[in-house]
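Taken together, the values in this text are just the output of simple stated rules run on the coordinates, not laboratory data. None of these values were measured; they are calculated from a predicted model. As a convention, Cβ positions derive from the backbone with ideal geometry for all residues, glycine included, and neighbour counts pool all protein chains shown.
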Ligand code: GLC
């Protein structure tokens, strides 16, 4: 009997060992290893630089008339299909803004998604974009824009996820996870400190290491931990004087040694300034060969390998990282680019995001929600009769149905400035549909007197105001352009029931704020933004967004690095003297009160907080959870985003508060719920530059719980020992 058992065990063990070996053989690393070993030097060189805007008749780009932003030809001998790479963070951009082309679902801006404070929604947004990218034939989507909004003049503020490393890291990490769930590799970008646009190609962002680790790098670290992006895109700018794509501290010390990152590092398009310097620092792939002074990772690298100046093992490692990431996401298969896409379902996702991203900033006298019985409604400005605004640059998507309106750059715009695009989702029509009996009339707003006259004759006046921003440029100031402040003031004077709806890339100044009872921030709301705005204005959807960026009362409140943003050209560096005190942390440090704080947002109901409980004392580096009870004290269903901030111990008493946890809670009128808020351990740690390690300092931590960075509705202390 025992003998028979022993035989069975031996057979089972052998079967298990074979299966394990087979499994081992199919692991991304094993598959990549095998391929690299089979590749010729030419094939390896082919894999470490991508072509841009390729038109290779033998391998037409996916989805017809478009270019890839990045392309690698197939290697049939090894069964490797072509590699198609495209932007971007807000849907499948298809490089259309360079030339007319394919359409795709235009998602709301990154700030809109971040305003939902909803990681599950971030995943859904990514899954939608990833699904469209795969069906259009792409293997890589250049998404994951996670740079912190240090300076709201930054022309790419709209693409990012705000000023806080925890919120941005979690939201973008989940977005990356969603994209990759669809078998498309996502990037995380732009590594690092690409927190401005003017002069981004050459200026250096200067900051001390502790501050960098506890702010911008922390956002990347959290996004990479959560999303496991197949690739990191290194940025144009220098960090402390060294170009990001040849910055050993960033690409080797931080990314590989400290974070153990296993994916590949690709450059931004035109961000490579030397071959050896980049290879030695840890850049694995040069992107957009047409953008650099030469194709460094072509002939020069090949020669260097042949001469032994670059070990073959180094080149192998570069190629292996690319292949293993593609295999890990199962993204390396032949894609026709002609799979059908459920654009209706995707538009519904875009609308859901836009709705949850809308932030109700002000609502005096509960002017909102509007009743469908309003007799007459004036709709004014910002081309609200045709669509909603989107941001400029590589993330711009040609929306399904084509743009509603394209406005060429204004006279005097910088050379090459992209066009202003309105998505085909008209607020005017959406408002009329929700108020079918009302007389709804549009005025374009160019003539403030005419607009005021219409407002005077209407029950309600809704003024749409926009601030267009774009990659490549910073805005000269945070005022609404084209005299819109004067338009808003004139309409508000003519009708005391005036609502301002903002379609902006980021925070703007509001000199008229005391004369306007209701203000809604809709950001760039994407493919179904008009419908989303109307549904929130009429209460068909509850406003649940909260600000991921602070709105300053004046530009004087901003940190020194944000002063004079548009005049950076010609400077050598941007000195981020505020360090890790970004956004609300800067206001906490300076004692200034912004116009609208980080985390701010109203609803159509009200909430009461009670019963904050947190251990008075707890061991460091063990989970620390607070509990608080929330009650809906109003008449309508509503969603609160309960936020927990922590002020860490600091002998100098200067450490600003940090967002450590949040919970998004929807309650019916009268309903109460106790929520658990587990403080994120990243936020409790300080970087010890001497030890080159994270440390949780012992001492007393002050806990603040409320509805924004300025709302200490409940407080407590916890001592970590
Ligand atoms: C751009 C952007 C980057 C984009 C790339 C390809 O300059 O900085 O975000 O993915 O080039 O278009």
Report summary line: The helix 2-25 Cα axis meets the longest alpha-carbon principal axis of the chain at an angle in degrees, between 0 and 90 and rounded to 10, of 70 degrees
Report summary line: The exposure ranking of 466, 383, fewest beta-carbon neighbours within 10 Å first, is 383, 466
Report summary line: Given a Förster distance of 35 Å, the FRET efficiency implied by the Cβ-Cβ spacing of residue 571 and residue 592, rounded to the nearest 0.05, works out to 0.85
**Report entry** Counting DSSP beta bridges with both ends in the range 25-328, the antiparallel % (nearest 5)
**Finding:** 30 percent
Requested in this report: Using DSSP, restrict attention to beta bridges with both residues in the range 349-547 and report what percent are antiparallel, rounded to the nearest 5.
Outcome: 30 percent
Query raised in the report: What is the helix-to-structure angle for 343-357, meaning the angle in degrees between its Cα long axis and the longest Cα principal axis of the chain, kept from 0 to 90 and rounded to the nearest 10?
Result: 60 degrees
Query raised in the report: Based on Cα positions only, what radius of gyration and what Dmax would you give for the range 245-365, in angstroms?
Result: 21.0, 76
**Report entry** the range 345-405: translational diffusion in µm²/s, Stokes-Einstein, Kirkwood Rh over Cα pairs, 4 °C, 1.567 mPa s
**Finding:** 87 µm²/s
**Report entry** Cα gyration tensor shape of the range 437-539, rounded if a/c is under 1.5, else prolate or oblate by comparing a/b with b/c
**Finding:** oblate
Query - Kirkwood Rh, angstrom, the chain [1 / mean 1/r, Cα pairs] - result: 26.5 Å
Query - Computed FRET value (nearest 0.05) for residue 240 with residue 617, which takes r as the C-beta separation and R₀ as 35 Å - result: 0.30
Query raised in the report: How high is the relative contact order of the chain, given as a whole-number percent (alpha carbon pairs under 8 Å, six or more residues apart)?
Result: 14 percent
Report summary line: Given a Förster distance of 51 Å, the FRET efficiency implied by the Cβ-Cβ spacing of residue 678 and residue 30, rounded to the nearest 0.05, works out to 0.85
Report summary line: In the chain the DSSP beta bridges are antiparallel at a rate, in percent to nearest 5, of 55 percent
Query - the chain: angle of helix 119-135 to the longest principal axis, Cα-based, in degrees nearest 10 - result: 60 degrees
Query raised in the report: So what does log10 I(q)/I(0) come out to for the range 610-721 at q = 0.17 Å⁻¹, using the Debye formula with one equal point on every Cα and no solvent?
Result: -0.80
Query raised in the report: What is the fewest-to-most order of 535, 515, 585 by other Cβ atoms lying within 10 Å of their Cβ?
Result: 515, 535, 585
Query - Relative contact order computed over the range 349-547 (Cα-Cα under 8 Å; 6+ residues apart), in percent - result: 36 percent
Report task. Would you mind ranking 92, 407, 675, 500 so that the residue whose beta carbon has the fewest other beta carbons within 10 Å leads the list? Result -> 407, 675, 500, 92
Report task. Calculate for the chain the 222 nm mean residue ellipticity that helices alone would give, adding -39,500 (n - 2.57) per DSSP H run of length 4 or more and normalising by residue count, nearest 500 deg cm²/dmol. Result -> -8000 deg cm²/dmol
Query raised in the report: What shape does the range 349-547 take by its C-alpha gyration tensor, where a ≥ b ≥ c are the square roots of the eigenvalues and a/c under 1.5 counts as rounded, a/b above b/c as prolate, and the rest as oblate?
Result: prolate
**Report entry** For the range 25-328: relative contact order, % (alpha-carbon pairs under 8 angstrom, 6 or more apart)
**Finding:** 18 percent
